[in-house]
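The values are calculated or read from the model by the stated rules, or taken from the named source; none is laboratory data. In this text, all values refer to a predicted model and were calculated from it rather than measured experimentally. With ideal geometry, Cβ positions are generated from the backbone for all residues, glycine too; neighbour counts draw on all protein chains shown. Ligands, DNA and RNA are stripped out before the accessible areas are found, and what is left, the full protein with its side chains, is counted by its heavy atoms. Shrake-Rupley method; radii C 1.70, N 1.55, O 1.52, S 1.80 Å.
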Amino acid sequence: GLDAVAALGKLVALNYAGCLLIIAIMYVAILLLSRVSVIGFFRGMIDAIAVAYSTASSSATLPVTLRCTQRNLGVSRPTSSFIVSLGSTINMDGTAMYLGLATLFGAQIFGVDLSWGDYGMIALLATVGSIGAAGIPGGGLVMMGAIFTAVGVPLETIAFVAGVDRIMDMMRTATNVTGDATVTVATATMLGEIDKAELASADDV
């Protein structure tokens, strides 16, 4: 009924809000500390973020991410090839946040009381589980079972979440790809492996 739809709508809204907070606070802070233009960065990465959102696959977006970091942001080929490729495998901030959110959603649906220890376990397993999640649509669903089992949340929660997973997966993937590029640019800046002129020109795109 409408109550179920409203609950799922809140879950999707929280997922988007959480991802936007990660981007607006964590990634922007990294860019500012690295003295990189935030506007120029997002202008240079807009193609990769759009592909990530539409495909919900960080693996499929990898070539576009590499092109944007190298041509638009001026990162050297060796640096971007290593960091972006590594990030597409282990940097899953959006997925980690989503796994924790889905676990809390299931606990509320089935009336499972969680202790502070359970919250710590969720945070730990969501972080570790996201590292092993495949960079394909629906990859996060596979990791849910281990987290749900560890804190006593029924596995039936996956059936509730699966219907709206793709909508949330799109935003998670855009967040993950943005994070890959952010760390790449920050690392390249520290190592001096970035073309400052190319990066500055991104402001004029």
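Assess whether residue 130 counts as being at pLDDT below 90, hydroxyl-bearing (Ser, Thr, Tyr) and in contact with a helix residue (DSSP H, G or I) (Cβ under 6 Å, 6 or more places away or on another chain). Even if it seems obvious, please write down each step before you answer.
Working: at pLDDT below 90: yes; hydroxyl-bearing (Ser, Thr, Tyr): yes; in contact with a helix residue (DSSP H, G or I) (Cβ under 6 Å, 6 or more places away or on another chain): yes.
Judged against the criteria, residue 130 is a match.
Would you point out which residue out of 160, 105, 110 is open to solvent by less than 50 Å² (accessible area, probe 1.4 Å), closer than 18 Å to residue 11 by Cα and either without any contact (Cβ under 8 Å) to a residue 12 or more places away in the chain or aromatic (Phe, Trp, Tyr) (or both)? Reasoning before the result, please.
Values: 160 fails: open to solvent by less than 50 Å² (accessible area, probe 1.4 Å); 110 fails: open to solvent by less than 50 Å² (accessible area, probe 1.4 Å).
On inspection, the qualifying residue turns out to be 105.
Based on what the data block shows, is residue 117 touching a strand residue (DSSP E or B) at 6+ places or on another chain (Cβ under 7 Å) and open to solvent by less than 60 Å² (accessible area, probe 1.4 Å)?
Working: touching a strand residue (DSSP E or B) at 6+ places or on another chain (Cβ under 7 Å): no; open to solvent by less than 60 Å² (accessible area, probe 1.4 Å): yes.
For residue 117, the condition - touching a strand residue (DSSP E or B) at 6+ places or on another chain (Cβ under 7 Å) and open to solvent by less than 60 Å² (accessible area, probe 1.4 Å) - is not met.
Could you go through the stretch 71-78 and let me know if any residue there is in contact with an Asp or Glu (Cβ under 6 Å, 6 or more places away or on another chain) and either open to solvent by less than 30 Å² (accessible area, probe 1.4 Å) or within 23 Å of residue 148 (Cα to Cα) (or both).
Quick first cut of the stretch 71-78, residues in contact with an Asp or Glu (Cβ under 6 Å, 6 or more places away or on another chain) only: 74, 76.
Restricting the remaining residues to those that are either open to solvent by less than 30 Å² (accessible area, probe 1.4 Å) or within 23 Å of residue 148 (Cα to Cα) (or both) gives 74, 76.
The answer is yes, given that some residue of the stretch 71-78 is in contact with an Asp or Glu (Cβ under 6 Å, 6 or more places away or on another chain) and either open to solvent by less than 30 Å² (accessible area, probe 1.4 Å) or within 23 Å of residue 148 (Cα to Cα) (or both).
Has the stretch 8-22 got at least one residue that is in contact with a Pro (Cβ under 8 Å, 6 or more places away or on another chain), crowded, with 20+ Cβ neighbours inside 10 Å, at pLDDT below 95 and among the polar types (S, T, N, Q)?
Looking only at the stretch 8-22, we keep the residues that are in contact with a Pro (Cβ under 8 Å, 6 or more places away or on another chain), and these are none.
For the stretch 8-22, residues in contact with a Pro (Cβ under 8 Å, 6 or more places away or on another chain), crowded, with 20+ Cβ neighbours inside 10 Å, at pLDDT below 95 and among the polar types (S, T, N, Q): absent.
Does residue 84 count as touching an Asp or Glu at 6+ places or on another chain (Cβ under 8 Å), of a type outside the set (Phe, Trp, Tyr), open to solvent by less than 10 Å² (accessible area, probe 1.4 Å) and not in a loop (DSSP other than H, G, I, E, B)?
On the way: touching an Asp or Glu at 6+ places or on another chain (Cβ under 8 Å): yes; of a type outside the set (Phe, Trp, Tyr): yes; open to solvent by less than 10 Å² (accessible area, probe 1.4 Å): yes; not in a loop (DSSP other than H, G, I, E, B): yes.
Yes.
Just one of the numbered conditions (1) open to solvent by 30 Å² or more (accessible area, probe 1.4 Å); (2) within 22 Å of residue 11 (Cα to Cα) is not true of residue 144; which one?
Of (1) open to solvent by 30 Å² or more (accessible area, probe 1.4 Å); (2) within 22 Å of residue 11 (Cα to Cα), only one is false for residue 144: (1).
If residue 90 meets every condition in (1) farther than 24 Å from residue 194 by Cα; (2) open to solvent by 50 Å² or more (accessible area, probe 1.4 Å) apart from one, which number is that one?
(1) is the only condition that residue 90 fails.
Looking at (1) open to solvent by 50 Å² or more (accessible area, probe 1.4 Å); (2) assigned to a helix (DSSP H, G or I); (3) in contact with a helix residue (DSSP H, G or I) (Cβ under 9 Å, 6 or more places away or on another chain), can you tell me which one residue 44 breaks?
(1)
Among the residues of the stretch 168-177, how many are surrounded by fewer than 24 Cβ atoms within 10 Å (Cβ to Cβ) and among the hydroxyl-bearing types (Ser, Thr, Tyr)?
0
Anything in the stretch 23-41 that is in contact (Cβ under 8 Å) with a residue 60 or more places away in the chain and open to solvent by 60 Å² or more (accessible area, probe 1.4 Å)? List them, or say none. Before you say what the answer is, go through the steps one by one.
Filtering the stretch 23-41 for residues in contact (Cβ under 8 Å) with a residue 60 or more places away in the chain gives 23, 26-27, 30-31, 33-37, 39-41.
If the condition is that a residue be in contact (Cβ under 8 Å) with a residue 60 or more places away in the chain and open to solvent by 60 Å² or more (accessible area, probe 1.4 Å), then 26, 33, 35, 39 are the ones that fit.
Out of all the residues in the stretch 61-79, which are touching a residue at least 24 places away in the same chain (Cβ under 8 Å) and either within 16 Å of the chain's Cα centre (by Cα) or closer than 22 Å to residue 130 by Cα (or both)?
Of everything in the stretch 61-79, those that are touching a residue at least 24 places away in the same chain (Cβ under 8 Å) and either within 16 Å of the chain's Cα centre (by Cα) or closer than 22 Å to residue 130 by Cα (or both) turn out to be 61, 62, 65.
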